[in-house]
1. Can you tell me the dipole magnitude for the stretch 2-63 around its Cα centre, using point charges on the Cβ only (Lys, Arg +1; Asp, Glu -1), in Debye to the nearest 20?
2. Rounded, prolate or oblate: pick one for the stretch 2-63, where a ≥ b ≥ c are the square roots of the eigenvalues of its C-alpha gyration tensor, a/c under 1.5 means rounded, and failing that, prolate if a/b is larger than b/c, else oblate.
3. Within the stretch 1-54, which chymotrypsin sites (Phe, Trp or Tyr not before Pro) sit in a loop by DSSP and count at most 12 neighbouring Cβ atoms inside 10 Å?
Amino acid sequence: MGNVVIVCPHSGREISTGIEMDAESFGKLPDVAVRSRCPDCGMQHAWWTREAKLQDGGEKAVSSEHSPNGAIAP
């Protein structure tokens, strides 16, 4: 399981969306707009799933860019 992270547009830092999932499910996410409250600045940010990354234990981030077959792009 990993954390879905986005970049806070105010601080420029990666922040957790509070969403946890496995890499296979993350790679199958449709490209939709989502809103999350930012733990960094306290504001609510709108973001697209294509802009998110999956961070595994805080070490490895995987982009949500989708390939035609639904696999995670390298």
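Here, each number is a calculation from the coordinates, and none is a lab measurement. Because the structure is predicted, anything quoted here is derived from the model rather than measured. Here the Cβ is made from the backbone with ideal geometry for all residues, glycine too, and neighbour counts use every protein chain on show.
1. Working: 7 positive and 9 negative charges, 47 e Å.
With Lys and Arg at +1 and Asp and Glu at -1, about 220 debye.
2. Working: a/c = 2.04, a/b = 1.36, b/c = 1.51.
Verdict is oblate for the stretch 2-63.
3. Numbers: sites: Phe26, Trp47, Trp48; in loops: none.
Filter output for the stretch 1-54: empty list.
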